[in-house]
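**Q** Could you have a look at this structure, given as structure tokens, before my questions?
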Amino acid sequence: MIRKFKKNDIEIIMQIWKKENIKAHKFISKEYWENNYNYVKEILPNAEIYVYIFKENIVGFIGINENYIEGIFVDTNNQCNGIGTALLNKVKENKSNLTLSVYKKNINAINFYKKNGFAITSESIDKDTEEIEYTMTWKSNL
């Protein structure tokens, strides 16, 4: 089940955010994510957030600002079960196009987004991490 974020969801989604960022981005120091934890926790509720509930627990979420996907995060134990795709499809329902950034070294994420209709449209360097990142874009066929 997918529902809108509630304020009391913040602790669990932040735990998912931290754990999955550290796991997916082994090429970036763990301290980077730990140092940004409080900042993200503060600004995250400003985004439009949807959470995925499985067996009464939040196991994933997506954050979006306008047409920009801030991120999709699914707990390790629940990955590859269609949760990320379901969250992505939820935000696609009312959008004609979406954009996101993904690190070039995050091959799994790039493949996930390509499988879901996104294409790489540009490349840049993230000034905070000095890592190459792609901008990926999706456009509705409707």
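Just so it is clear, none of the values below were taken in a lab; they were calculated from the coordinates. Predicted model only: the values in this text are computed from it and were never measured. All Cβ positions, glycine included, derive from the backbone under ideal geometry; neighbour counts span all protein chains shown.
**Q** Of the numbered conditions (1) over 16 Å from His25 (Cβ atoms); (2) without any contact (Cβ under 8 Å) to a residue 40 or more places away in the chain; (3) within 12 Å of the chain's Cα centre (by Cα), Gly60 fails exactly one; give the number of that condition.
**A** Single failed check for Gly60: (2).
**Q** Still on this structure, please answer the following. Residues in the stretch 93-120 that are in contact with a strand residue (DSSP E or B) (Cβ under 6 Å, 6 or more places away or on another chain), over 20 Å from Glu20 (Cα atoms) and polar (S, T, N, Q): how many?
**A** 2
**Q** Oh, and also: Exactly one of (1) in contact (Cβ under 8 Å) with a residue 60 or more places away in the chain; (2) touching a Phe, Trp or Tyr at 6+ places or on another chain (Cβ under 6 Å) is unmet by Lys18. Its number?
**A** (1)
**Q** When only residues in the stretch 115-127 that are closer than 14 Å to Lys139 by Cβ and of a type outside the set (S, T, N, Q) count, which is surrounded by the most Cβ atoms within 10 Å (Cβ to Cβ)?
**A** Phe118
**Q** Within the set of pairs 6+ apart or on separate chains, which have a first residue in the stretch 103-124 that is over 20 Å from Val91 (Cβ atoms), a second that is loosely packed, with under 12 Cβ neighbours inside 10 Å, and C-beta atoms under 7 Å apart?
**A** Lys105/Phe27
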